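Q: The structure is given below, and queries will be raised subsequently.
Here, each number is a calculation from the coordinates, and none is a lab measurement. Owing to the predicted nature of the structure, the values given are computational and were not obtained by experimental measurement. Ideal geometry is used to build each Cβ from the backbone, glycine not excepted, and the neighbour counts take in all protein chains shown.
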């Protein structure tokens with residue numbers, strides 16, 4: 001699937017953290033984005049559905065970013081945002097940004113496969129920074 005949404009995801013994170021952000025600030029921005037995703041999708045697919053997609057996204061992204069693999073260990077029925085924040089905070093700013101963006105992008109792609117890009121865009125419109 002084309003990664004057409006990665007620019008919007010990156011722009012959202014850049015808007016939320018600004019320039020020269022440290023890993024903790026980046027982690028906070030990524031967690032804030034996940035909270036918005038959860039808020040937007042939970043009424044439609046349930047918290048369990050969002051958690052399942054989140055955990056699958058972490059698992060798939062962990063193949064390229066092994067430091068994310070520990071966050072998705074086990075059969076989780078919730079989103080471990082505390083674990084994700086801790087993992088992101090331990091990285092360099094560049095790695096935290098790349099890994100956090102990759103998880104969001106993977107989530108977006110999985111959701112697109114389930115409901116299509118048009119509906120995914122409408123469902124997640126509120127999570128991206130206003131432009």
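Q: If you check residue 94 against the conditions, is it exposed (fewer than 13 other Cβ atoms within 10 Å of the Cβ), within 23 Å of residue 21 (Cβ to Cβ) and without any contact (Cβ under 8 Å) to a residue 60 or more places away in the chain?
A: yes
Q: What residue, of 42, 57, 118, is without any contact (Cβ under 8 Å) to a residue 60 or more places away in the chain, crowded, with 16+ Cβ neighbours inside 10 Å and part of a helix (DSSP H, G or I)?
A: Working: 42 fails: crowded, with 16+ Cβ neighbours inside 10 Å; 118 fails: crowded, with 16+ Cβ neighbours inside 10 Å.
Answer to the selection: 57.
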